Structures are given as structure tokens and as C-alpha cells.
Amino acid sequence: MYPLLFSLVLSKLDPERAHHLAFGVIKALPTAGFGRLVHRYTRPRTDLSVQALGLHFDTPFGVAAGFDKDAKGVIGLGQLGFGHIEVGTLTAHAQPGNEQPRLFRLIPDRAVINRMGFNNGGADAARERLRRARATSGRPVIGVNIGKSRVTAVEDATADYLISARALAPLADYLVVNVSSPNTPGLRGLQELELLRPLLSAVKEACGTTPLLVKIAPDLQDEEVVKIAELVVEIGLDGIIATNTTISRDGLKTPASVVEAAGAGGLSGAPLAARSLAVLRLIRSHVPAELCVISAGGIETAADVAERLDAGATLVQGYTAFLYRGPLWARQINRGLDALARARR
């Protein structure tokens, strides 16, 4: 039914409005009284569990940052079958993000362009919601993704990240430093080693025992990816998330006029798959087996997830295909992984 609903109704709505409508339903799941029943239907049927970052993940598949920016839908998303929810990106200061419209579908490519700009209510406002989510029985693993506030100059970025890290690390199962969104001016420049090293070192110290990862862009050159991977190992981070959205528009099926009308922003979805997989393989060839590598970008099917796991991913995340697959997407992934696990026995 969902493909018909998407074709006839949702695809005609403004993408951000459609997201808010769907998210409202997800937030209501735990309070509507049938969230646990939904989870019985969506959770894996075989043992797909992963032990990573000192944590237990019921399934390797989770929600990438950006879907639940303010930790308002963690429990509902877990009940839909996702093994971990990465909330955020959260910033030290609340901010409205960029002007609307800022989210655009490229339906022929099963992709999205966004220039949201880290719209969120701020780190402090999320603390109580995270505290409540962590206290909920049967919850998923909760990651927290932090970024630089738009009002903060790049030279003051470390202090800004530290505000968020100190506020949120005690409430996160793992923390992620996002230096790879293309929608905050100057942010991607923090991926340069002379800036990244002191930033990650400072946040690592502030995190205490909370596992720390860094999220990188797909548009880095291969040698830059390798240098960041080596830095992560050198300073003792717990993992890497590869990758964020891309600024590339190469090879799209959507008419050029539609792509141009959408304008600037990060592209996510199916067109990102090949580069995301290549970056995963590159990272895995340069880091120890025990380092957590989370693969994101272009994930839509259980076969996609299995391919990333076979290529060395510890965990896999998705977001964009949620828009095209609907609320039972995680269930589809889990059932597909169940079938693949049985076939490999």
C-alpha cells in the first residue's frame, strides 16, 4: 500500500511537511498503546545481533542522523525495528536552520537534496528527552550526533563542540562528531588534519567513557580518507561513520532543470551508494578489525546492508529510503537479513 500512498499523496506534499506528518505518527507509537505489538512484528526473527562499542545491537541496521533531530522519536523508531537511532545533529545553541524550502525529492533517482542547516532545539533542550528515552525498557541503542553552531566562528569550533559533548555524552550510548555536512559554512574545512586533530582530541577527553566516532564526507579524496582513518586510530577514537551526503550531482536520472531548481545542499540516497561503499572498503583496509565502522549512504534493501557488512561494516545506517519505502522499511531489512542468514547456514 505504501508505494501507492507515496505516489498519489505523499509525493505531492512538500517533503518537509510530509516528514513532519510521518514523524508525528512515529512519536505517537509508544503512547498509543500498540508500539510493543508493532515491535513484535518488525524486529528480527533470527539472531542478527552485533556487539560493538561495548554495546548490544539487536540488528545491525539503524537510523542515520537527521531523521530525529531532537531525540523526540527514539522509542517509536526503535519499535519500527531499527537497532539504533542516531539523533541530531544537535548543536550547542538552538537554531532554526536554513530558510525553507530546504528539502527536495529526486524521485527518479530515489534520492533527496537537503540544505536543512542543523535545525534543532539545542543540546540542553534534548537532555531530558534523552534521559527519558534511556530509561525506557526495550529501547534501541541511542547515538548522539553533534555539530558546530552556525553562529560560532570556525576558529572557535572546538569550544562549541565541547559544550555539546559535555552536555550530551553522559546521556549517549555513543557520540558522533559531525564535520561533514555541506550545509553549515566552513564545517567541512574541519576535516583538514591540522584542525581535526585538536578538535577530536578535545572532544574525546570531554566524552569520558562514552564511545566517540567521527562522521566524514564522501567527497574527500582517497588519500584524505586514509589520513583521517589513521588519525582516528592514532588518537584512540572508537570508530568512523562513512559517509555523509555529497555535493556531487554526477550521473543523476532526474532532469537537470529539476536538480538545478533544488539548488545547493547535500545529496543522499541511491546515487551515493557506490562512493559510500568504496570509502567503506578503503577505511576498512587501513584500520584494525576491532574499530567500529558504520556505513551510511545509498542503503535501501537487505542486500545493500549485507553488502556493506560483507565489505567490513560493523553497522549500517539509512535515512533517505525511509521516504520511499515507508514505515515498514526496517522490518523489510530485518526480514531480508533473516532470510540471508538462514541461507548462509
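The values are calculated or read from the model by the stated rules, or taken from the named source; none is laboratory data. Quick caveat: nothing in here was measured; it's all calculated off a predicted structure. All Cβ positions, glycine included, derive from the backbone under ideal geometry; neighbour counts span all protein chains shown. The protein model used for the area step is the full one, side chains on, heavy atoms only, and it has no ligands, DNA or RNA in it. Shrake-Rupley method; radii C 1.70, N 1.55, O 1.52, S 1.80 Å.
Out of every Cα pair in segment 86-127, what percent are spaced more than 10 Å from each other? Show your work: numbers first, answer last.
Details: 622 of 861 pairs.
Cα-Cα pairs in segment 86-127 separated by more than 10 Å: 72 percent.
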Quick one: pull the percentage of alpha-carbon pairs in segment 32-73 with a separation above 11 Å.
75 percent
Give the span of segment 116-163's Cα atoms along each principal axis, as three whole-Å numbers ordered largest to smallest.
42, 22, 16
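Sorting check: for 285-296, 24-35, which peptide has the highest mean count of neighbouring beta carbons within 10 Å, and how do the rest follow? Spell out each step's value before the answer.
Working: 285-296: 18.7, 24-35: 14.7.
Result, highest mean Cβ count within 10 Å first: 285-296, 24-35.
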Please give the peptides 117-125, 135-143 ranked by average Cβ packing (other Cβ atoms within 10 Å per residue), highest first, as a rough proxy for protection.
117-125, 135-143
Euclidean distance between Cα centres, segment 224-275 to segment 132-159, Å:
21 Å
Please work out how many pairs of lysine residues in the chain are eight or more positions apart (or on different chains) and have Cα atoms closer than 27 angstrom.
20
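How high is the FRET efficiency from H20 to S137, r the C-beta distance, R0 25 Å, rounded to 0.05? Walk me through the numbers before you get to the answer.
On the way: r = 28 Å, r/R0 = 1.11.
It comes to 0.35.
A264 to H56: extension gain in nm, 0.36 nm per residue of separation minus the Cα-Cα distance?
Numbers: separation 208, 0.36 × 208 = 74.88 nm, distance 3.82 nm.
Stretched fully, the A264-H56 segment lengthens by 71.1 nm.
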Testing the spin-label approximation: label points 7 Å from Cα along Cα→Cβ at V151 and S248. State their distance in nm.
3.7 nm
So what are the radius of gyration and Dmax for the Cα set of segment 1-120, in Å?
16.0, 45
Could you work out what % of the accessible surface of the chain is carbon and sulfur, using a 1.4 angstrom probe and leaving DNA, RNA and ligands out of the count?
55 percent
Calculated SAXS-style log₁₀ I(q)/I(0) at q = 0.09, 0.15 Å⁻¹ - segment 1-344, Debye, Cα scatterers:
-0.43, -1.35
Packing-based ranking, highest mean first, of 219-227, 52-60 given that Cβ atoms within 10 Å are counted
52-60, 219-227
Equivalent ellipsoid semi-axes for segment 1-61, as square roots of 5 times the alpha carbon gyration tensor eigenvalues: give them largest first, rounded to whole Å.
29, 15, 13
